[in-house]
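The values are calculated or read from the model by the stated rules, or taken from the named source; none is laboratory data. Keep in mind it's a predicted model, so treat the numbers as computed, not measured. Reconstructed Cβ throughout: ideal geometry from the backbone, glycine too, with neighbour counts over all protein chains shown.
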Amino acid sequence: MPQIIFQTQNKRFLAEFNQCLTAQMIQKSLPIEGVVNLWGEEIYIETGVQASDLHATMDVNVCDIAYRHEEKRLCIFFGKTPASTTDKPVPAFPVVIIGKILCQPDELKVVKAGEAMRISVHEEKPVLKEPSSGDRKLTQAEIDALVRKLLAEKAAKAAASPGIKTA
């Protein structure tokens, strides 16, 4: 699946969604814009997207991105939550794991509650290769100059060889 970009005023980070049905449903709804909420070291954002709750779990890890069916929200776990008893995050309710963030979890500490967040498909721009001399298209002026040059060469050959007719 393509990479997903999460962007706020303070932070931009990439993620990868997995192939589960819920992830596919969320991805089809992108872009999504909302307001950041924090619950300990969990970012969550209301999506308005109704997606599947198949395979919901309470077992999540740092860097997981999950979907909470009842509130239609995406959750990004980057550390302990208020329900944690260890360093492992614990969601408030069962969630469906739909992907992973592709940055260090501590980097998300700059994201603040109340910030606007945009979630979209990360469209990689194709790398444009420099055209080789054989690939470059000539401009009309260059074509006209070449035609004049060829006609002049043809006329010069005809003048140098009066017995040979040119077509």
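Taking the range 24-128 as the region of interest, the strands (runs of 3 or more DSSP E) fully inside it that hold 2 or more residues being in contact with a Pro (Cβ under 6 Å, 6 or more places away or on another chain) are 116-121. Of the residues contained in the range 52-75, none is found to be under 18 Å from GLN9 (Cβ atoms), surrounded by fewer than 14 Cβ atoms within 10 Å (Cβ to Cβ), touching a Ser or Thr at 6+ places or on another chain (Cβ under 9 Å) and not charged (D, E, K, R).
Take the conditions surrounded by 10 or more Cβ atoms within 10 Å (Cβ to Cβ), modelled with pLDDT of 95 or more and over 24 Å from the mean Cα position of the chain (by Cα) and apply them to VAL111. Does it pass? Against the criterion (surrounded by 10 or more Cβ atoms within 10 Å (Cβ to Cβ), modelled with pLDDT of 95 or more and over 24 Å from the mean Cα position of the chain (by Cα)), VAL111 does not qualify.
Of the residues ASP53, ASP87, the single one that is in contact with a helix residue (DSSP H, G or I) (Cβ under 8 Å, 6 or more places away or on another chain) and among the charged types (D, E, K, R) is ASP53. Contact annotation: residue pairs with Cβ atoms under 7 Å, 6 or more positions apart or on different chains, pairing a residue in the range 110-121 that is farther than 21 Å from GLN3 by Cα with a partner that is not β-branched (Val, Ile, Thr), are VAL110/ASN10; VAL110/LYS11; LYS112/ASN10; ALA113/ASN37; ALA113/LEU38; GLU115/GLN9; GLU115/ASN10. Close contacts from the range 57-68, counting a first residue that is within 15 Å of GLU16 (Cβ to Cβ) and a second that is part of a strand (DSSP E or B) and among the charged types (D, E, K, R), with Cβ to Cβ under 6 Å and a gap of 6+ residues or different chains, come to CYS63/LYS100.
The lone criterion from (1) farther than 18 Å from VAL121 by Cα; (2) modelled with pLDDT of 95 or more; (3) not β-branched (Val, Ile, Thr) left unmet by LEU14 is number (1).
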